[in-house]
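*Asks:* After the structure tokens below, expect a handful of questions from me.
Just so you know, all these numbers are worked out from the coordinates, no wet-lab data involved. Not measured: the values here are computed from a predicted model. For neighbour counting, all protein chains shown are included, and Cβ atoms are generated from backbone atoms with ideal geometry for every residue, glycine included.
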Amino acid sequence: MHEASLPKHPVPESEASFDDLGLPTELRQAVAELGWTHPTPIQAAVIPAALAGRDIMGLAETGSGKTAAFALPMAARLPAGRGVRGLILSPTREITLQTKAFLDYFGAARRLRAVSLVGGLNIRHQMDALQRKPDILVATPGRLLDHLERGTVKLDRVEVLVLDEGDHMLDLGFMPQILRVLETVPPERQTMLFSATMPPPIARLSQRFLADPLRVDILPPGRAAGGITHRLYLVDIDNKRPCIHSLLNHELGPTLVFVRRRSDAEWLWKLLAKEGHPVERLHADMSQAERLRALGSFREGHHRILIATDVASRGLDIPAIEHVIHYDVPETVEDYVHRAGRTARGEATGTVSTIATWLDKEMIREIERAIGQTLPRCTTPGVEPYVERKPPKAIRRRRLR
Ligand code: AMP
């Protein structure tokens, strides 16, 4: 059981039941133990077709439940102990590890073993893990090619291939490696391609390498009014930094991060830039020319993360933001609403994540009253959530008096 490494946040649910999708009993049980009551729309559409062996072209984004949509049928169909039969390509180390956590969990019941191959981690350890005959590989394309070239991996028995977050792999320049992998895996296989958008190279990939795919187009339904999904990450103060790292590493769309002070904007910018994040900043200590340059670079996609203070961002028209993150809880409810309004413009949808500590509880309550909903308590892999405790009864009674 590896539940702790699985993220937890609200998802859109379908009317369907996990009992009707054709999954074997032990996987239905595993799903029930996670507390999942209904499949998400992408799961309801993909799982029966994937169990029947069909190719899938899934238009869906992170948060739709797509990982389980391919991990469950893989766990159901692949045999254990007969070499690498399943391969998943993912854009980043974090998404790779998260996907592996799902496969470890669902695969456990069927004795399937997954190994992750990502850059930045010791290749010798990975070679050792490969010696132990995994059934499924989850890999970033670059590291997988390294292994192919060293002859430490063989893909000639792959039956199910998943290309996850196709558009992000494209953005990160992985298309040549993906094409190499596609030349190496057997042509007789099932292929599932997931992408949040369909730029021409992804459409071509789908036409060339998928056979009569079922196209599943899940535009995020079930979002909160106004197209915004709110999420609250309650953590200890020391965990604010790990929390933003985890969020930035798991969700790869254009992201606006709000901090309270200019000095914090500068500090966080340096920290994230040093770690290789494509990040810019916007605050009032910068000249107008510097601010315009930062904004231009964000708008054109050269930097996908922009760190801003409220004052500097007011009135700016920043298009196509998928994710607003409050690194600091806003000081007023108006600021929360204003910051949230930076995403989900017009027909679009977006996510507003707030990182908060117990010190922010009062403000959270005010925000919840103002927007008329409780902010869903969410968790992100690798970060212990702060557990809210109700005061003991005796104290509560005393307070009432
Ligand atoms: P994904 O879109 O695959 O990144 O999954 C997003 C999140 O949804 C993860 O936190 C999963 O644990 C959760 N999740 C996936 N499917 C369901 C479901 N049917 N019910 C409840 N939570 C789910």
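*Asks:* Counting only C-alpha contacts under 8 Å and six or more residues apart, can you give the relative contact order of the chain as a whole percent? If you can, show how the numbers build up before the last one.
*Replies:* On the way: 720 pairs, mean separation 70.7, N = 401.
Once divided by the residue count of the chain, the mean separation gives 18 percent.
*Asks:* Viscosity 1.306 mPa s, temperature 10 °C: Stokes-Einstein D of the stretch 222-371 from its Kirkwood Cα radius, in µm² per second?
*Replies:* On the way: Rh = 15.4 Å.
In µm²/s, the coefficient is 103.
*Asks:* Next question, about the same structure. When a footprinting reagent is the concern and you count Cβ atoms within 10 Å, what order do Lys240, Lys133, Lys66 take, fewest first? Could the numbers behind the result be given before it?
*Replies:* On the way: Lys240 17, Lys133 13, Lys66 28.
Fewest-to-most Cβ neighbours within 10 Å comes out as Lys133, Lys240, Lys66.
*Asks:* Build a GNM of the chain with springs between Cα atoms under 10 Å: which of Met175, Met286, Met74 gets the top mean-square fluctuation?
*Replies:* Answer for the Gaussian network model of the chain: Met286.
*Asks:* Taking 0.36 nm per residue of sequence separation and subtracting the Cα-Cα distance, how much length would be gained by fully extending the chain between Trp36 and Glu331, in nm to one decimal?
*Replies:* 102.7 nm
*Asks:* Could you tell me what fraction of 2.2 N^0.38 Å the Cα radius of gyration of the stretch 3-219 comes to, as a two-decimal ratio?
*Replies:* Details: Rg = 16.0 Å, N = 217, 2.2 N^0.38 = 17.0 Å.
Scaled against compact globular proteins, the figure is 0.94.
*Asks:* If each Cα of the stretch 1-101 is one equal point scatterer, what is log10 of I(q)/I(0) from the Debye formula at q = 0.12, 0.13, 0.22, 0.23 Å⁻¹?
*Replies:* Relative scattering, expressed as log10 I(q)/I(0), comes to -0.38, -0.46, -1.45, -1.59.
*Asks:* So what is the calculated 222 nm ellipticity per residue for the chain, using -39500 (n - 2.57) for each DSSP H run with n of 4 or more, over all residues, to the nearest 500 deg cm²/dmol?
*Replies:* Numbers: 16 runs with 160 residues, N = 401.
For the chain, the value works out to -11500 deg cm²/dmol.
*Asks:* Calculate, in nm to one decimal, what Glu275 and Glu188 gain on full extension: separation in residues at 0.36 nm each, minus their alpha carbon distance.
*Replies:* Working: separation 87, 0.36 × 87 = 31.32 nm, distance 4.07 nm.
The span from Glu275 to Glu188 would gain 27.3 nm if fully extended.
*Asks:* Still on this structure, I have one more. Can you flag which of Lys8/Lys133; Lys240/Lys274; Lys66/Lys154 are past 28 Å Cα-Cα?
*Replies:* Values: Lys8/Lys133 31 Å; Lys240/Lys274 18 Å; Lys66/Lys154 26 Å.
Over 28 Å Cα-Cα: Lys8/Lys133.
*Asks:* Take the alpha carbon gyration tensor of the stretch 9-53, find the square roots of its eigenvalues, order them as a ≥ b ≥ c, and report rounded if a/c is under 1.5; if not, report prolate when a/b exceeds b/c, else oblate. Kindly include the intermediate steps, with their values, before the conclusion.
*Replies:* Working: a/c = 2.04, a/b = 1.15, b/c = 1.77.
Cα axes put the stretch 9-53 in the oblate bin.
*Asks:* What is the order of Trp269, Trp358, fewest Cβ neighbours within 10 Å to most? Working shown, then result.
*Replies:* Details: Trp269 22, Trp358 14.
Result, fewest neighbours first: Trp358, Trp269.
*Asks:* Starting from one equal scatterer on each C-alpha and no solvent at all, send me the Debye-based log10 I(q)/I(0) for the stretch 163-207 at q = 0.26, 0.28, 0.33 Å⁻¹, two decimals.
*Replies:* -1.02, -1.16, -1.38
*Asks:* OK, next. For the chain, what is the charge dipole size about the Cα centre, in debye to the nearest 20, if Lys and Arg each add +1 at the Cβ and Asp and Glu each add -1 at the Cβ?
*Replies:* 1080
*Asks:* Highest GNM mean-square fluctuation, the chain, Cα pairs closer than 10 Å: which of Arg281, Arg261, Arg124?
*Replies:* Of Arg281, Arg261, Arg124, the most mobile in the Gaussian network model is Arg124.
*Asks:* So if each residue of separation counts as 0.36 nm, and I subtract the Cα-Cα distance between Arg299 and Arg215, what length gain in nm does that give?
*Replies:* On the way: separation 84, 0.36 × 84 = 30.24 nm, distance 3.05 nm.
Computed gain between Arg299 and Arg215 is 27.2 nm.
*Asks:* So, one more: The chain: D in µm²/s via Stokes-Einstein (Kirkwood Rh, Cα pairs, 4 °C, 1.567 mPa s)? Display every interim value, and only then the final one.
*Replies:* Values: Rh = 22.4 Å.
Taking Rh from Cα pairs, D becomes 58 µm²/s.
*Asks:* Report the residues of the stretch 137-181 in range of a label on Arg208: point 7 Å along Cα→C-beta, backbone N strictly under 12 Å from it.
*Replies:* Taking a point 7 Å out along Cα→Cβ of Arg208, the residues of the stretch 137-181 whose backbone N falls under 12 Å are 175-181.
*Asks:* Where in the stretch 80-159 are there GluC sites (Glu not before Pro) that are in a DSSP coil and have at most 15 other Cβ atoms within 10 angstrom of their Cβ? Intermediate results must be reported in sequence, preceding the final value.
*Replies:* Values: sites: Glu94, Glu149, Glu159; in loops: Glu159.
Answer by residue number: there is no such site.
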